[in-house]
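Scroll down for the structure; my scribbles are underneath it.
The values are calculated or read from the model by the stated rules, or taken from the named source; none is laboratory data. The structure presented is a predicted model; accordingly, all values stated were derived computationally and were not measured. Counting neighbours? That spans all protein chains shown, and the Cβs are built from the backbone with ideal geometry, glycine included. Protein only, heavy atoms only, side chains kept; ligands, DNA and RNA dropped before computing areas. Shrake-Rupley method; radii C 1.70, N 1.55, O 1.52, S 1.80 Å.
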Amino acid sequence: MTEIRVLSASGQIGSGFIESSFARGVSLKPHVIACDGGSTDAGPYHLGSGKPHFSRPGVKRDMRLMMQARDQLGVPLIIGSCGFAGGDAGVDWMLEITEEIAREEGLKFRLATVRSEQDKQYLKRRYREGRITPLNPAPPISEEIIDRSAHIVGMMGHVPIADAIEKGAEIILCGRATDTSLFATLPLMKGAGAGPAWHAAKILECGTASTVIRKRPDSIMAWVRDDHFDIEPMDLESRCSPQSVASHTLYENADPFLITEPDGTIDCHGSRYEALSDRAVRVHNSRFIKSERTTIKLEGAESVGHQAIIIGGVREPYILRQLDDWLDAMRVRFAARVQEIFAGKVGPADYSIHTRVYGRDGVMGKLEPLSHQMGHEVCILFTVTAADEPTTEAIAKTFAHFALHYPIPEWGGLISGLAFPMAPAHLSKGEVFRFNLNHVVTPEDPLEMFRTELMEI
Amino acid sequence: MPTLGELAKLIRSKNAGAFTLTFDIMFQDAETYQRVLASKVLTKQSFAKLYKLPEDEVMFFEYDAAHAIKISIPRPYIQGDLDDGDIYGGQQHAPLVDLVVPDGNVKLKVDGLRRHDE
């Protein structure tokens, strides 16, 4: 019976793990060490700007321990979605950290970078060929949308990672990749069952999220075999139960039974969860249904300009009982003021002022069933968006003052209708991005969308 | 009559990617899970009505192995868009917590107290 041991250091590089937990995992002689480096969970800023989410010292601390372990064991180390969004800037950032650690620790190894940022000309060609299809739901797509994106990445599966390992890479820094592919690659290469390999990978990629009580981010290990896998957290005080492991396919998945990967679908409909001990679980009957063609999911981000925010509380009951009218009217009247300031060069189509009313429907927006109810006070978040920083700044400053004194018919005389908790009342957010793609590409060759480079460190 | 929050081990919402929102209602044991299902307090139809959505946009799953109900919908706003008030999608489940479960025989959690597993 094949057995491949896969050690997951933590759910996210930079979120940390207990050194002794990881050391215990190392002592169990894994065949591979892997760690996920990113997600879309923190929003479009990281893909749009290329900037990482977790701190550099945090990421470096985690990477150092993993690099030392992989050197000691002589096994591959795979980091996925480097720099959080997994674009080229993220891979460069992770490469720099890796090289620094190598110098400091005197480590030598063959390294592969596998980049997943997409060339726009390539994508437009595939689009014209009808090889880009929307997922459900998806925003519109066009060549213009591809062109105006700040960055677009494709989520690699296991094939490019296996290719790098076959070429002798000992540390593999991947751009955007499916979380699972980092952990499924080596078991698949060594002949473990595909169903167990992929399902185990789904649990490993989140670190200790599948334990009964998650104390903190930490290491977890799987023993992947032909027709089942075992899973156990490395900290002896943590435990997995059949229910906690079964529950894991709920997390961040639309469907708890079917998870789509570039080369097929993980099917957990028939999976059976058995307690091996009070803290380890064996999972039987997980299947992987291979698809006819590889499909690569795209993530894209485009700039929406610059933003500033203004936070103001309202306690005055006469304003509260006409709140929407007050907010709408002030924005309509404000357009004339913008015309004045910019001598007609900035019109209503060139900026927006969005309002969010906390205390009514700020959290749930149009889903809020209790939006007819409002308390005795609200907090209003105004978001000013315009093409560039100077315009946004000028509009935000002016609007804060304009809104503050905007009258209501009940009171004769000058009022101050917003309670600002700070001054200046506005805060610049800088450049802001939005996700603009939810589509898959069907390439001709599963490697064609990813660029691998090997180097000796 | 108990509420869904009192019977559930965990109720949460989360992003499933940037375009889909998913809700998990997890129970401690098969018995409580089956009785809540039987009560029909939470179905595709009742969720669609509570959240003011067309029924065909609601995906409803009974996940027996985890004693959990899962519901997934298109994200009301694309994650991170100007209109999005919840980047992680973690605070959209609140109306489910106070839903009254009409079956009087359903077992409460241990000691009837709320469990605060992380």
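Between A:ILE78 and A:ILE33, A:ALA34, A:CYS35, A:ILE172, the built amide H atoms are under 5 Å apart, and every one of these is 5 or more places off in sequence or on another chain.
Take every DSSP beta bridge whose two residues both sit in the protein assembly as shown, then give the antiparallel share in percent to the nearest 5. Each step should come with its number before you reach the end.
Details: 90 of 106 bridges.
So the antiparallel bridges amount to about 85 percent of the total.
Within 10 Å of the Cβ of each residue in A:358-367, the mean number of Cβ atoms contributed by other protein chains is 5.
Residue by residue, the stretch A:155-166 carries 3J(HN,Hα) couplings of 8, 6, x, 7, 4, x, 6, 4, 4, 5, 5, 4 Hz when phi is fed to the Karplus relation 6.51 cos²θ - 1.76 cosθ + 1.60 (θ = phi - 60°); x denotes Gly or Pro.
Using the eigenvalues of the Cα gyration tensor, what equivalent ellipsoid semi-axes result for the stretch A:167-284 when each is taken as the square root of five times the eigenvalue, whole Å, largest first? Numbers along the way, then the final one.
Numbers: eigenvalues 92, 56, 42 Å².
Semi-axis lengths for the stretch A:167-284 are 21, 17, 15 Å.
Note on A:ASP328/B:MET59: beta-carbon distance plugged into 1/(1 + (r/R0)^6) with R0 of 25 Å gives a FRET efficiency of 0.10. For the stretch A:131-191, the convex hull drawn through the C-alpha positions has a volume of 137 cubic angstrom per residue.
When you restrict to C-alpha pairs under 8 Å that are six or more residues apart and normalise by the size of the stretch A:168-261, the relative contact order lands at 23 percent.
B plus A alone minus the pair: what accessible area, both sides summed, probe 1.4 Å, in Å² to 100?
Numbers: alone 7150 and 20220 Å², together 23630 Å².
Adding both sides of the contact gives about 3700 Å².
One way to sum up the overall shape of chain B is the equivalent ellipsoid from its Cα gyration tensor, whose semi-axes run 25, 15, 12 Å, largest first. By accessible area, using a 1.4 Å probe on protein heavy atoms only, the stretch B:30-95 has 52% of its surface on carbon and sulfur.
Averaging the sequence gap over all C-alpha pairs within less than 8 Å and six or more residues apart, then dividing by the number of residues, gives chain B a relative contact order of 41 percent.
The mean count of C-beta atoms from other chains within 10 Å of the C-beta of residues in A:266-275, rounded to a whole number, is 1.
In this structure the amide hydrogen of A:PHE433, modeled in the peptide plane, comes within under 5 Å of the amide hydrogens of A:VAL304, none closer than 5 places in sequence on its chain.
From helices alone, chain A scores -9000 deg cm²/dmol at 222 nm; the rule is -39500 (n - 2.57) for each run of n ≥ 4 DSSP H residues, then divide by the residue total.
Residue-wise HN-Hα couplings along the stretch A:386-392, as the Karplus relation 6.51 cos²θ - 1.76 cosθ + 1.60 with θ = phi - 60° gives them from phi, are 8, 5, 9, 4, x, 5, 4 Hz; Gly and Pro carry x. With the biggest extent put first, the Cα atoms of the stretch A:200-355 measure 73, 44, 26 Å across the principal axes.
Legend: residue pairs A:LYS366/A:LYS429; A:LYS167/A:LYS290; A:LYS345/A:LYS397; A:LYS29/B:LYS14; A:LYS167/A:LYS215, Cα-Cα distance threshold 27 Å; pairs beyond threshold, A:LYS29/B:LYS14; A:LYS167/A:LYS215. Within straight-line reach of A:LYS120, meaning a Cα separation under 18 Å, sit the following aspartates and glutamates at least 8 residues removed in sequence or on another chain: A:ASP88, A:GLU129, A:GLU143, A:GLU144, A:ASP147, A:GLU299, A:GLU302, A:GLU444, A:ASP445, A:GLU448. For A:HIS151, the amide hydrogen comes within under 5 Å of the amide hydrogens of A:ALA301, counting only partners 5 or more places away or on other chains and with H modelled in the peptide plane. So what is the calculated 222 nm ellipticity per residue for chain B, using -39500 (n - 2.57) for each DSSP H run with n of 4 or more, over all residues, to the nearest 500 deg cm²/dmol? Using -39500 (n - 2.57) per qualifying helix, the result is -5000 deg cm²/dmol. Along each principal axis, taking the top coordinate minus the bottom one, the Cα set of the stretch A:387-442 gives 66, 25, 20 Å in descending order.
Could you work out the relative contact order of the stretch A:219-281, using alpha carbon pairs under 8 angstrom and six or more residues apart, expressed as a whole percent?
34 percent
If you wrap a convex hull around the Cα atoms of the stretch A:335-457, how much volume per residue is inside, in Å³? Before the final figure, lay out the partial values.
Details: hull volume 33.0 nm³, N = 123.
Measuring per residue, one finds 268 Å³ for the Cα hull of the stretch A:335-457.
The HN-Hα couplings worked out from phi for the stretch A:341-351 by the Karplus form 6.51 cos²θ - 1.76 cosθ + 1.60 (θ = phi - 60°) are 4, 9, 6, x, 7, 10, x, x, 7, 9, 8 Hz, whole numbers, x standing for Gly and Pro.
Applying 0.36 nm per residue to the separation of A:ALA423 and A:GLN121 and subtracting their alpha-carbon distance, the gain on full extension is 104.0 nm. When the Debye formula is applied to the Cα atoms of the stretch A:237-321, each taken as the same point scatterer, what base-10 log of I(q)/I(0) results at q = 0.12, 0.14, 0.21 Å⁻¹? Reported log10 I(q)/I(0), two decimals: -0.63, -0.70, -1.07. For the stretch A:336-374 and the stretch A:43-106, write down the distance between their C-alpha centroids in whole Å. Cα centroid to Cα centroid, the span is 40 Å.
Could you let me know the centre-to-centre spacing of the stretch B:1-69 and the stretch A:391-424, using Cα atoms, in angstrom? Value for the Cα centre distance between the two parts: 43 Å.
Cα-based Rg of the stretch A:302-392 per 2.2 N^0.38 Å, rounded to two decimals? Intermediate results must be reported in sequence, preceding the final value.
Numbers: Rg = 14.9 Å, N = 91, 2.2 N^0.38 = 12.2 Å.
The reported ratio for this selection is 1.22.
Pairs with C-alpha atoms separated by more than 28 Å, drawn from the list A:LYS51/B:LYS52; A:LYS60/A:LYS202; A:LYS60/A:LYS124; A:LYS108/A:LYS190, are A:LYS51/B:LYS52; A:LYS60/A:LYS124. Note on chain A: Kirkwood hydrodynamic radius from all Cα pairs is 24.4 Å, rounded to one decimal.
Our compactness index for the stretch A:57-144, the C-alpha radius of gyration over the empirical 2.2 N^0.38 Å, is 1.49.
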